[in-house]
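Reading through the structure tokens given below for one structure.
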Amino acid sequence: MKTDVAVVGAGPAGLLLGHLLRAEGISVTIVERVSPAYVLGRIRAGVLERTTTDLLVRLGIDARIKTEGLRHGGFVLADGERLIRINIEELAGHHVTVYGQTEVTRDLMDAAPERGLEIIYEAANVTLHEIESDAPWIGFTKEGQLERLDARFIVGCDGFHGPSRRAIPENAVQLYEKVYPFGWLGVLADVPPCDQELIYANHEQGFALASMRSATRSRYYLQVPLDEKVEGWPDDRFWDELTVRLGPEAGARIIRGPAIEKSIAPLRSFVFEPMRHGSLFLAGDSAHIVPPTGAKGLNLAASDVAYLSAALTGFFRHGHTDGIESYSERALARIWKAERFSWYLTSLMHRFPSQSRFDRRMQLAELDYIANSRAAQTSIAENYVGLPL
Ligand code: APR
Ligand code: PHB
């Protein structure tokens, strides 16, 4: 098998990159370890920046986002008593779109066959070869058969645990990491959301987030210790705790219902540099992780592939190499700023086990400052809607 660009991983990064390259007539084959149903079983954040929706509009893969996406002109920070609304539309000039990441993946998956985007699912034992040459290749097993896919470039879109990043020699890279001492317990339920907008709450008992997927489906989260088990959180305990943490006003509006999904995820900040080695590029979670506070994960994957698709198009269509040479630096400049914002919002809104009484007062003073400062709100708003590409 031979293709221009071989992509490892059919998550949002791989699928979006594949479509952007196909739209320029470049041949792409994606190899994915699991089945389509497994990929769609993953539940992740649901806030899209304009830079992300613009790409989907450009591809014409926006029919469902147009009808089902929720336009949000603001969001709320809560400090246990007060609700502080950040009017992102007024302060930063843009809205965000609340639309499940799983649905973005589904839309991209459904559009693949008609656009000649080849995806090989259930490809086992993916290995990368000769990435320092102009003729790299991927080996994998499909239905027991050993296969070889030759390409001009390989792009690793295989998430945090995939093999691509590990194919780069250790002496050529730098890693930056911060692991947070808590996780998020998430619940999905078919009940109307407690507010029209998202609420990020910093409460004495820990962080809580009220989010949604539609007018009838809510997504809620609670900060929990890392060693907590889902079994320790029957539905009633979850709703009781959420009601307290969201504060009297929003808490009173919560409508309870059975959880249709419940899981605990750890929080991590991680950056891998550089994002290119020879003929291998990295994009999305394979190169960087943000904690979910601020929902930057998918949006960063989208900005990576916006830069990378332009670079590869320049190469294949016009023989230009400058985009390829500068990809890593350009992508990382935006990534570090999103890392900063995600870390900032995480630090501001969570209770840390090591937090002193002084540290706690610093959080509350900062929230009070934000509540009363247009400058502070503007800074938060411009990061929340997404910095320009
Ligand atoms: N071989 C082939 N595919 C692999 C391998 C492998 N060895 N390892 C992982 N993959 C696939 C995974 O099965 C997954 O479908 O790579 C894909 C990576 O997808 P994501 O983890 O979703 O990462 P990415 O596409 O970068 O997504 C960026 O979207 O899903 C969210 O949390 C993610 O917010 C982040 C954003
Ligand atoms: C979600 O809806 O799942 C969500 C929203 C915003 C976040 C994180 C997760 O910051």
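The values are calculated or read from the model by the stated rules, or taken from the named source; none is laboratory data. From a predicted model like this one, the values you see are computed outputs, not experimental measurements. Glycine also receives a Cβ, built like all others from the backbone with ideal geometry; neighbour counts cover every protein chain displayed. The accessibility values were calculated without ligands, DNA or RNA, using every heavy atom of the protein model including side chains. Shrake-Rupley method; radii C 1.70, N 1.55, O 1.52, S 1.80 Å.
Miscellaneous remarks
Conditions tested, residue by residue: (1) without any contact (Cβ under 8 Å) to a residue 12 or more places away in the chain; (2) closer than 25 Å to Leu70 by Cα; (3) crowded, with 19+ Cβ neighbours inside 10 Å.
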site	(1), (2), (3)
Phe182	no, no, yes
Gly186	no, yes, yes
Ala201	no, yes, yes
Phe207	no, yes, yes
Glu231	yes, no, no
Ile255	no, yes, no
Gly284	no, yes, yes
Pro291	no, yes, yes
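- Exclusive hit being open to solvent by 50 Å² or more (accessible area, probe 1.4 Å), within 30 Å of Gly74 (Cα to Cα) and more than 19 Å from the chain's Cα centre (by Cα), set Glu90, Glu147, Glu132, Glu143: Glu90
- Residue check, Ile26 on the phi < 0 side of the Ramachandran plot, more than 16 Å from ligand 1 (Cβ to nearest atom) and crowded, with 24+ Cβ neighbours inside 10 Å: no
- Given (1) under 24 Å from Leu48 (Cα atoms); (2) assigned by TED's automatic domain parsing to the domain that holds Phe153, number of the condition His277 does not satisfy: (1)
- Exactly one residue out of Arg64, Arg22, Arg71, Arg82 is charged (D, E, K, R) and at pLDDT below 95, and it is Arg82.
- Residue in the range 63-79 that is aliphatic (A, V, I, L, M) and part of a loop (DSSP other than H, G, I, E, B) present: no
- The range 255-286, residues that are part of a loop (DSSP other than H, G, I, E, B) and closer than 30 Å to Pro192 by Cβ: Ile255, Arg256, Gly257, Pro258
- Residues of the range 90-105 include at least one that is in contact with a strand residue (DSSP E or B) (Cβ under 6 Å, 6 or more places away or on another chain) and of a type in the set (Phe, Trp, Tyr).
- Residue list for the range 36-49, filter: open to solvent by 50 Å² or more (accessible area, probe 1.4 Å) and modelled with pLDDT under 95: Gly41, Arg42, Ile43, Arg44
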